[in-house]
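Everything on this sheet refers to the single structure shown next.
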Amino acid sequence: MAEKQSAPSVVLVTGAGKGIGRAVAEGLAVRARATRTPVRLLLAARTQADLDALAAQLQGDFVECTVAAGDLAEQPLRPLEACLGRFGRIDALVHCAGVGRFKDFLEQTPEDLEFTVRTNITATFLLLQKAYAAMKAQAPRDGMRGQIQVVTSIAAEQPFAQSSTYCLSKYAQRGLLDVMKLYGRQDGIRILEVRPGAAYTPMWGEMPPDQVARMMTAEDIAQPMIDALALSARASIENITLRPLHGDL
């Protein structure tokens, strides 16, 4: 008798068009094919062209991709609604989307603050709240009702002079996740905070080559996140901090 194949896992990745989110999506597709375990991906980001190119790259054996383009600050629940509408459940939310404006504390404007807060705090709270509710209401799979991973930053625990609004938002994300862990332990929902140090992604813009050489890559951050998703339901990694081997910039 043929071995019964488990149902594909459903993973929603925000910020999937570039950087860490894209590296997570690519890594999930590689793992799905290597283990012959199907995965269904809802890829969310602001730029439709980035998502279409990534979906075309990943779609194939053991990988099904759907995309949802839009600004989380304007429509924070759109990716989740698209995921539930297409697949009927969500097994994991990998939230990599984030913004930042970096300048002297006294030069930050109310518009800079609003820009950062709307995406990093308000949209994050609303998306995680609704994703958690959807997971709690669905039947368990592989011993869990769901998993939520959020990429915060080393700036969630260490201040940087040019990052006042960004640090504010990342400290807030950290506090939210600490509270969510209290609920997750009783509801069978795994919560992971990922705090990267200097990793070269499009948020940094142009950088001198010698500094880029010291920085981590998006793939360096994505790999332990993918490994954590595959962890047995008996265990939970709650925090991952990654920093460049030779220290922060």
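The values are calculated or read from the model by the stated rules, or taken from the named source; none is laboratory data. In this text the structure is predicted, and so the values were computed from the model without any measurement. So basically every Cβ, Gly included, is an ideal-geometry build from the backbone, and we count neighbours across all protein chains shown. Areas reflect the complete protein model, heavy atoms only, side chains present, ligands, DNA and RNA absent. Shrake-Rupley method; radii C 1.70, N 1.55, O 1.52, S 1.80 Å.
A few notes on this one:
- Antiparallel %, DSSP beta bridges [both residues in the chain], to 5: 5 percent
- Accessible surface calculations at 1.4 Å, restricted to protein heavy atoms, place the chain at 49 Å² per residue.
- Relative contact order computed over the chain (Cα-Cα under 8 Å; 6+ residues apart), in percent: 19 percent
- Calculated log₁₀ intensity ratio I(q)/I(0) where the Debye formula runs over C-alpha points of the stretch 144-249, q = 0.12, 0.14, 0.17, 0.20 Å⁻¹: -0.45, -0.60, -0.84, -1.06
- Across every direction, the projection of the convex hull enclosing the Cα atoms of the stretch 76-154 has a mean area of 6.2 nm².
- The stretch 180-202 and the stretch 96-169 have Cα centres separated by 11 Å.
- DSSP H segments from the chain that extend 18 Å or more along their own axis, Cα-based, with Kyte-Doolittle mean of 1.6 or above: none
- Taking every C-alpha pair closer than 8 Å and separated by at least 6 residues, the mean separation divided by the residue count of the stretch 155-249 gives a relative contact order of 31 percent.
- Computed helical MRE - 222 nm, the chain, DSSP H runs ≥ 4 contributing -39500 (n - 2.57), nearest 500: -13000 deg cm²/dmol
- Formal net charge of residues neighbouring L80 (Cβ-Cβ distance under 12 Å; K, R +1; D, E -1): +3
- Database remark: amide H of L242 closer than 5 angstrom to the amide H of R195, G197 (H placed geometrically; neighbours at sequence offset of 5 or more, or on other chains; Pro and chain starts carry no H).
- Per atom type, the stretch 1-121 shows carbon and sulfur on 53% of its accessible surface, probed at 1.4 Å.
- Residue pairs, from the table K130/K170; K18/K136; K130/K181; K103/K130, whose Cα atoms sit over 25 Å apart: K18/K136; K103/K130
- Radius 15 Å from Cβ of A123, net charge of other residues (Lys, Arg +1; Asp, Glu -1): +1
- Surface composition of the stretch 132-206: carbon and sulfur make up 57 percent of the accessible area, probe 1.4 Å.
- Near Q186: Cβ cut-off under 13 Å, other residues only, Lys/Arg at +1 and Asp/Glu at -1. The net charge is +4.
- Using C-alpha pairs below 8 Å separated by at least 6 residues, the relative contact order for the stretch 24-123 is 23 percent.
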